[in-house]
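Student: The structure is given below, and queries will be raised subsequently.
What follows draws every value from the coordinates through simple rules; no lab data is involved. Quick caveat, the model's predicted, so the values are computed rather than measured. Note that each Cβ is placed from the backbone with ideal geometry, even for glycine, and that neighbours are counted across all protein chains shown.
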Number of protein chains: 4
Amino acid sequence: MSHTIRQKKKLIARVSRLKGQLEAVERALEAERPCGDILQLLASIRGALNGLTGEVLEDHLHEHVLHAADEKARAEAVEEISQVLRTYIR
Amino acid sequence: MSHTIRQKKKLIARVSRLKGQLEAVERALEAERPCGDILQLLASIRGALNGLTGEVLEDHLHEHVLHAADEKARAEAVEEISQVLRTYIR
Amino acid sequence: MSHTIRQKKKLIARVSRLKGQLEAVERALEAERPCGDILQLLASIRGALNGLTGEVLEDHLHEHVLHAADEKARAEAVEEISQVLRTYIR
Amino acid sequence: MSHTIRQKKKLIARVSRLKGQLEAVERALEAERPCGDILQLLASIRGALNGLTGEVLEDHLHEHVLHAADEKARAEAVEEISQVLRTYIR
């Protein structure tokens, strides 16, 4: 992940927000809030997690596939993408 | 979420593990670990989040749909399930 | 699937449209159209398939869970739903 | 989609099988088979569709990203992949 400092900070901020969203689920479970509320919190976490994953994938496509150091590095980066996609689209 | 104490503890423990997994992503980003590693961490978080969601959905189906207090409560619980499913299957 | 004739016709019409969309993919592959076009056709088929699945699931929830003949039938219908959800949310 | 004839035939064969699976859904709806059966048929179609999509994506990554004619073509192919991924991971 040899990305710019700017991207790194932005991604870490998204992970922090996700942790905050999980803490809201913890509190909702402790307070025995209705299932429907908890399911909605979980659905919004899923959305945020997918948004983060999409961003890392796009960074990866641009940094390591498009601007690869050489053809060998590019082939490895494409292989990594393929493996990840297989877990999402199956 | 009027579930048993046992279920509640189990679900909270799963949320804690998810937070731990997110902290591993934070550390991986800080350490500028390879994109492929980060994508794999994110994919495993997705799996764990979906597992937790599936568990809450099943609890909901059993507690609030199957063993609903009355027909009105059952109809509301079915409506909640429908709304959640629409965000997952679209 | 003891649903009304009206629902049955509507669902069969959706399946026919899906077949038409697959035939468009066939023609696009035969004509060696750009990958990007084919991926977009496939993404729209996925959307249509998920829409159809969501409709069958909702029918199922209403006919066989909410308006079940008896508690045994309701428990079976809930079990069927749980199994299907596990294949979508994993 | 300037792929080999071999790949093209293989992909078209997969689309044909998908059409066959949709026809099974049509027959199941006509015969008013249980909802659970129809949901299982739909889940297997989803699996087959995702398998086909994964294959087209991998072909695309190899043909148009890895072995792109030039940097401009590669950038366009990466852009197409990004757009498609955003519809799957959201």
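Student: From the label point of D:Ala75, set 7 Å from Cα along Cα→Cβ, how far away are the matching label points in the other copies, in nm, ordered shortest to longest?
Tutor: Spacings between copies for this position, smallest first, are 2.6, 5.9, 6.4 nm.
Student: Among C:Lys72/D:Lys19; C:Lys9/C:Lys72; C:Lys9/D:Lys9; A:Lys9/B:Lys8; D:Lys19/D:Lys72, which pairs are too far apart, with a Cα-Cα distance over 31 Å?
Tutor: Beyond 31 Å: C:Lys72/D:Lys19; C:Lys9/D:Lys9; A:Lys9/B:Lys8; D:Lys19/D:Lys72.
Student: Restricting to DSSP loop positions (anything but H, G, I, E, B) with no more than 11 other Cβ atoms inside 10 Å of their own Cβ, which GluC sites (Glu not before Pro) remain in segment D:6-90?
Tutor: none
Student: Using each residue's phi in segment B:43-60, evaluate 6.51 cos²θ - 1.76 cosθ + 1.60 at θ = phi - 60° and report the 3J(HN,Hα) Karplus result to the nearest Hz, with x for Gly and Pro.
Tutor: 5, 6, 5, 4, x, 5, 5, 5, x, 4, 4, x, 5, 5, 4, 5, 4, 4
Student: Return the Rg/Rh value of segment B:5-88, two decimal places, where both radii are evaluated on C-alpha atoms and Rh is the Kirkwood radius. Each step should come with its number before you reach the end.
Tutor: Values: Rg = 17.1 Å, Rh = 14.9 Å.
Reported Rg/Rh (Cα atoms, Kirkwood Rh): 1.15.
Student: Placing the label point 7 Å from Cα along the Cα-to-Cβ direction, what are the distances from B:Thr87 to the equivalent spots in the other copies, shortest first, in nm to one decimal?
Tutor: 2.3, 2.3, 2.4
Student: Further question on the same structure: Can you show me the helix-derived [θ] at 222 nm for the protein assembly as shown, built from DSSP H runs with n ≥ 4 at -39,500 (n - 2.57) apiece and divided by the number of residues, rounded to the nearest 500.
Tutor: -27500 deg cm²/dmol
Student: Between C:Leu49, C:Ala31, C:Ile89, whose Cα lies farthest towards the positive end of the dipole of chain C when Lys and Arg beta carbons carry +1 and Asp and Glu beta carbons carry -1, centred on the Cα centre?
Tutor: So the residue we want is C:Ala31.
Student: OK, next. Determine ³J(HN,Hα), in whole Hz, for all residues of segment C:80-86 in sequence, where each value follows from phi through the Karplus function 6.51 cos²θ - 1.76 cosθ + 1.60 and θ = phi - 60°; x replaces Gly and Pro.
Tutor: Karplus values, whole Hz, x for Gly and Pro: 4, 4, 4, 4, 5, 4, 4.
Student: Distance in nm between label sites at B:Ile5 and D:Glu23, each 7 Å beyond Cα in the beta-carbon direction?
Tutor: 6.1
Student: Then there's this: For segment A:18-28, just list the computed ³J(HN,Hα) in residue order, Karplus coefficients 6.51, -1.76 and 1.60, θ = phi - 60°, integers in Hz, with x standing in for Gly and Pro.
Tutor: 4, 4, x, 5, 5, 5, 5, 5, 4, 4, 5
Student: Taking a label point 7 Å out from Cα toward Cβ, give me the nm distances from A:Ser16 to the same spot in the other copies, shortest first, one decimal.
Tutor: When each copy's label point is compared with this one, the spacings are 2.5, 5.7, 5.8 nm.
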